[in-house]
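Right, one structure below, let's go through it.
The values are calculated or read from the model by the stated rules, or taken from the named source; none is laboratory data. These numbers come from a predicted model, not from an experiment. Cβ atoms come from the backbone with ideal geometry, glycine included; neighbour counts cover every protein chain shown. Quick note on the areas: whole protein, heavy atoms, side chains included, nothing else; ligands and nucleic acids left out. Shrake-Rupley method; radii C 1.70, N 1.55, O 1.52, S 1.80 Å.
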Amino acid sequence: MLRDAERQKLFTRRMALLAGGKLALFSLLAGRMYYLQVLESDRYKTLADENRINLRLLPPPRGRIVDRYGAPLAVNERNFRVLVTPEQAGDLEATLHAIGKIVPVSEETSRRILREARRRRSFVPLTVRENLEWEDVARIEVNAPDLPGVMIDVGQTRRYLYPAETAHVLGYVAAVSERELTGDPLLELPGFRVGKSGVEKIHDLALRGTGGSSQVEVNAFGRVIRELARKEGQPGGEVRLTIDLELQKSVAKRLGDESASAVVLDVHTGEVLTLVSTPAYDPNAFNRGLSGEEWRNLNRDSLAPLVNKAITGLYAPGSTFKIAVALAALERGVVTPGQRVHCPGFLELGDARFHCWRKRGHGWVDLHTGISRSCDVYFYELARRLGVDRISQMANRLGLGVTHDLDLPGERAGLMPTRKWKLEATGVPWQGGETLIAGVGQGYILSTPLQLAIMTARLVNGGLAVTPRLTRELRVGFSEEIERRESTEPFKSLGLNPLHVELVRAATDAVVNEPGGTAYAARIAKRGFEMGGKTGTTQVRRISKAEREQGLKKSHELPWIERDHALFVGYAPVAAPRYAAAVVVEHGGGGGAVAAPIVRDILLLTQERGRRGDGVLRTAGRAGLTPSALNDAPLPGRTAPSGTGG
Amino acid sequence: MLSDTFDRNRMPLRQKFREIHWFLILLLTAIAGFGFVMLYSAAGGSLEPWASRQMARFAVGVAVLVAIAVTDIRIWFKYAYAFYAVALVFLVLVEVAGRIGMGAQRWLSFWIFNFQPSELMKVSLLLALAHYFHGGSAEDVRRPLFLFIPVAMVAVPVGLVLRQPDLGTAVMLMLAAAALFFLAGVRIWKFVAVGLVAVAAVPITWQLLRGYQRQRVLSFLDPDKDPLGSGYHIIQAKIALGSGGVLGKGFLQGTQGHLSFLPEKQTDFIFTMLAEELGMLGGLALLALYGLVLLYGYAIAFSSRNHFGRLLAMGITCMFFLYVFINIAMVMGLIPVVGVPLPLVSYGGTAMMAVMIAFGLLLSVHVHRDVIMGRRGGPDSF
């Protein structure tokens, strides 16, 4: 008993020790609980929500692009997709085979889906086919009982309704590239598209809208349990262009297969009614995604379908430039309208001989005939008297050699050379002969078709510095809020003597409407619709002395790439000019023979559309501000004034 | 063997039933009740598949408990080594023919049920050690040679369990055995010495640890290093627990558990789910119930008049404490993740049965607290 008592005493003592230890450890647990559930609770609550709440972005529908009358150009089309959920499908391979009996499923697609199915969670739907026809959708729906886990999903894809006619204006959308990521989470959505060129690019933000979001609760495997909250986004805004779709289509058709471009402007408002560059590419293909082969072919094509030639094509303006030279000469007083210059077919400067396009010469030529017959010698002489700097200065005032902030990316300035520029750029001083070449719009001088149209518009609108405009209005989402893109102030005057402007304009009238004018063959016979204009034919290669002596080859005898560019700038109606147009046909041949008839057809159609009585083409809202109000309804039968310059 | 002369050593069955500590059983039922409630919630508000089966097991467990409690403690004393031997045989059998589940070979299949021999060993080892030390005087315990046999009795099953591998059970066996050694009167410096040797053996042990065991230790030391790998369980458990706050998210309102972020929410990690839904108050309430049970365990050990009963009661109490502490400390990120269930609450048949058997023995000590046993189990004849 004694020993047991001793043992018990020891036992009791140690029991107490253990009890103390246990109490301490239990306190530790309670303390830890306090730390985690009271002190750190907020942090863990946040973590818990992050765990289970997933923010999903809802992409907004992209805004439509419509023409000036509201005809849709770029829309969103429902894109029917077949999706398969591996978890529900069971035997995925058999299901794919079953789908393949209804709509073709390539071997490659099958392999891709089977591969993805292994990698992804089994409840994530996989895309089998996109852009299904409605009939295929119906057939799949009918067979739904035999296709477990297969569903039809409606997404949206961008669709360009007139790809060939509007590609260069609208541009295209495509998947977001790494460089374009701005932090906007929308851009990181798989399958999201942004504008890559054209209006789609310039107005990308407005068209894009803002994304909505959906808060969903997910479990540890990412499966959505339920939606907790939803915030609707703002659909993309609608962009209304100044383009007239019907005109655009006709012009594109008229240019046909040529490598060409055409621009039609409202001379008072600067609205671009038509802007076409041919050949075009298919913007829908870019949205779908081009193969490397397709992309290489587009880039290699000598007709440059990817290039919007109307704003980025740089051409020597040739004789169309004589408008600028003539105005410069009159304004600077180096020539009077009646002063005559003799053209024997060439002009000699030092050792060099500068040829007129008419080998036997024009005889005595004044300003009026110099322009209407496009006498090169007359303009060599004017240029010699002016010097290149003063020519380029006038050209800049008329809108050449500068950009105009058109709502299109990639607009180029071209080049109006000066003596200073040449010395800086090449290190070689300006040569006198180069001035003569500049006088006929060749040499260093480069301009775009858009600029030529602007020059024409400024000539015929009373000498106002009109600038081009492509966007009529931006409509934000579904709201009534409309941002009008019209300048509220009238365009500034260029400060030219109205008499001089009228002299040159009348001479361009004669180009088309006087027998002997270089575009007389292309005149508009319909009374009240007559056009004026200026031809231009520019060499794309140097003609050697030997060639000249052998006699020049006819255009069609030359290889295509060596043929001249055909240019024409025109306006109509001559009595009260309303529209200006510029056409450049690359390697087309003579401006009078090739480009002028195209402009004739374009301007005739433009006027007919403008006078059809709907009046929409009229620039409502600007009445009283510009002469356009007076000219809005030209009276049929009103005769065109004949040339007064000569 | 039993002397008829001592009345207190013989008790009619009716009296034994009266002597059973019914309040303790009520406490156990309350704790198990927490389990039923949480299993109901873990199944998304359904008795199936866990809560109903757990209830049935508990009912069977109570019956077993009572049966063991009224069985004479001298029977348990007498067959202590036999139970130990049987448990050891089962452990070897597991080694030879066990079923592999959850990456470890722990299970033996019988006709209709599976059980883990290691759970049986926990109770058997306590019985065997209590038996051994019952027979040794305070002087005996001081002799190192006297300690050779009990050390071997611990080492063999620990070695077998480690081979399965089941680190959690091995640690439990060692710690519970250490508690018994301590209570039996082994000098403290010996524990210090063993502790030092253990620290010295850490590098060697590290070499012997399985890859996943090393991962568990590493992820305990820095759970954020590999948040989706082995640290995932600890981080998610802490998030669930911490987000519960003081009052919890409400019964059935937990998110982390229901959305499957919590691993093993119905077994080892059930405490996190409880703390998420019922908050710190719920957690402390459960902890208090456990504390009360421990307190009664102490009282039973203290009031026992035989050394075997004292040692057995304390062994069971310590074992029970270790279960609770290791499990809760583990889910709160205080110690590495070892597979130890929360007694009476975690879903699982064998563990439940083992706990009920252990408490049956504890109550048997209580019922037979006045039985006086000699060194070999007979009436004390000193």
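With protein chains left intact and a 1.4 Å probe, residues in region A:56-241 average 52 Å² of accessible area per residue. Residues of region B:163-210 that bury at least 40 Å² of accessible area once all protein chains are present, compared with their chain alone (1.4 Å probe, heavy atoms only, ligands and nucleic acids left out), are B:PHE182, B:LEU183. Using θ = phi - 60° in the Karplus curve 6.51 cos²θ - 1.76 cosθ + 1.60, the 3J(HN,Hα) couplings for region A:42-58 round to 4, 4, 6, 5, 4, 4, 5, 5, 4, 4, 9, 9, 10, 8, 10, 7, 10 Hz; x is entered for Gly and Pro. Peptide packing for A:399-411, A:125-137, A:570-582 was compared via the average number of neighbouring C-beta atoms within 10 Å per residue; ordered from the highest value, the list is A:570-582, A:399-411, A:125-137. Averaged over peptide A:48-55, the number of partner chain Cβ atoms lying within 10 Å of each residue's Cβ comes to 4. Here's the picture: charge each Lys and Arg Cβ at +1 and each Asp and Glu Cβ at -1 in the protein assembly as shown, and of B:ILE239, A:TRP134, A:GLY350 the one pushed furthest to the positive end of that dipole is B:ILE239.
Counting only protein heavy atoms and using a 1.4 Å probe, what share of the accessible area of chain B belongs to carbon plus sulfur, as a whole percent? Each step should come with its number before you reach the end.
On the way: 10780 of 15680 Å².
The C+S portion of the solvent-accessible surface of chain B is 69 percent.
First compute the accessible area of region A:297-367 with a 1.4 Å probe, then give the percent of it belonging to carbon and sulfur atoms. The partial results should precede the final answer.
Details: 1590 of 3230 Å².
After summing per-atom areas, the C and S share lands at 49 percent.
Look at where the Cα atoms of region A:506-584 and of region B:179-201 average out, and the two centres are 112 Å apart. Within the same chain, aspartates and glutamates fewer than 8 places from A:LYS526 are excluded, and of the rest, those with a Cα less than 16 Å from its Cα are A:ASP509, A:GLU514, A:ASP601, A:GLU608. Each Lys and Arg adds +1 at its Cβ and each Asp and Glu adds -1 at its Cβ; summed about the Cα centre, region A:88-215 shows a dipole of about 360 debye. Of the residues A:LEU92, A:ALA71, A:ASN54, the one whose Cα sits farthest towards the positive end of the charge dipole of region A:1-93 is A:ASN54 (charges of +1 on Lys and Arg Cβ, -1 on Asp and Glu Cβ, taken about the Cα centre).
Can you bin chain A into rounded, prolate or oblate? Criterion: square roots of the alpha carbon gyration tensor eigenvalues sorted a ≥ b ≥ c, rounded for a/c under 1.5, prolate for a/b above b/c, oblate for the rest. Cα axes put chain A in the prolate bin.
Roughly how big is the A-B contact, given as buried accessible area in Å² (both sides, 1.4 Å probe, nearest 100)? Heavy-atom accessible area buried at this interface is about 4400 Å².
Work out the charge dipole of region B:7-367 with +1 on the Cβ of Lys and Arg and -1 on the Cβ of Asp and Glu about the Cα centre, then indicate which of B:ILE68, B:GLY195, B:ALA138 is farthest towards its positive end. In region B:7-367, that residue is B:ALA138.
Compute the Cα gyration tensor for region B:7-367, then decide on rounded, prolate or oblate, letting a ≥ b ≥ c be the square roots of its eigenvalues: rounded whenever a/c is under 1.5, prolate when a/b is larger than b/c in the other cases, and oblate in all that remain.
Details: a/c = 1.71, a/b = 1.23, b/c = 1.39.
Judged from the Cα gyration tensor, region B:7-367 comes out oblate (a/c at least 1.5, b/c at or above a/b).
Per residue, the accessible area of region B:7-367 comes to 40 Å², computed with a 1.4 Å probe over protein heavy atoms only. Couplings for region A:11-23, taken from phi via the Karplus curve 6.51 cos²θ - 1.76 cosθ + 1.60 with θ = phi - 60°, read 4, 5, 4, 5, 4, 4, 4, 4, 4, x, x, 5, 4 Hz in order; Gly and Pro are left as x.
Hey, got the average number of other protein chain Cβ atoms within 10 angstrom for residues in B:316-329? Before the final figure, lay out the partial values.
Working: counts 0, 4, 4, 0, 0, 6, 2, 0, 4, 5, 1, 0, 7, 4.
Rounded to a whole number, the mean comes out at 3.
Hey, what number do you get for the protein assembly as shown at 222 nm if only DSSP H runs of n ≥ 4 count, each worth -39500 (n - 2.57), divided across all residues, to the nearest 500? Mind dumping the intermediate values first?
On the way: 39 runs with 489 residues, N = 1028.
The per-residue figure over the protein assembly as shown is -15000 deg cm²/dmol.
In terms of the mean number of neighbouring beta-carbon atoms within 10 Å, the peptides A:157-167, A:77-87, B:42-52 order highest first as A:157-167, A:77-87, B:42-52. Using Cβ point charges alone (K and R +1, D and E -1), the dipole size of chain B about the Cα centre works out to roughly 700 debye. Is there a pair in A:LYS253/A:LYS309; B:LYS122/B:LYS238; A:LYS45/B:LYS265; A:LYS22/B:LYS16; A:LYS322/A:LYS359; A:LYS9/B:LYS78 whose C-alpha atoms are over 27 Å apart, and which pairs would that be? Result: B:LYS122/B:LYS238; A:LYS22/B:LYS16 exceed 27 Å. Here the contact order of chain B, divided by its residue count and restricted to Cα pairs under 8 Å and six or more residues apart, works out to 27 percent.
Rounded to 0.05, the FRET efficiency of the A:ALA144 and A:ASP257 pair, given R0 = 45 Å and the Cβ-Cβ distance, is 0.40. Note: relative contact order over region A:318-433, using C-alpha pairs below 8 Å and six or more positions apart, is 23 percent. Computed over chain B with a Gaussian network model linking Cα atoms closer than 10 Å, the most mobile of B:LEU247, B:LEU167, B:LEU196 is B:LEU196. Neighbours of A:ASN513 by Cβ distance under 13 Å: Lys/Arg scored +1, Asp/Glu scored -1, total +3.
Within the listed set B:PHE321, B:PHE17, B:PHE90, the residue fluctuating most in the Gaussian network model of chain B (springs between alpha-carbon atoms under 10 angstrom) is B:PHE17.
As a fraction of the 1.4 Å probe accessible area of region A:117-249, surface on carbon and sulfur atoms comes out at 48 percent. Based on protein heavy atoms only, region A:409-459 ends up with 37 Å² per residue of surface accessible to a 1.4 Å probe.
Averaged over its residues, how many other protein chain Cβ atoms are within 10 Å of peptide B:233-242's Cβ atoms? Write out the running numbers ahead of the final one.
Details: counts 0, 0, 3, 4, 1, 6, 11, 5, 8, 15.
So the per-residue partner count for this stretch is 5.
As a calculated quantity, the FRET efficiency between A:ARG56 and A:SER302 at R0 = 56 Å, using C-beta atoms, amounts to about 0.75.
Please report the relative contact order for region A:99-251, taking Cα pairs under 8 Å with a sequence separation of at least 6, and give it as a percent rounded to a whole number. Present the calculation step by step, with values, prior to reporting the outcome.
On the way: 136 pairs, mean separation 22.3, N = 153.
With pairs under 8 Å counted, the relative contact order is 15 percent.
A simple charge model with +1 on the Cβ of Lys and Arg, -1 on the Cβ of Asp and Glu and nothing else charged puts the dipole of the protein assembly as shown at about 1820 debye relative to its Cα centre.
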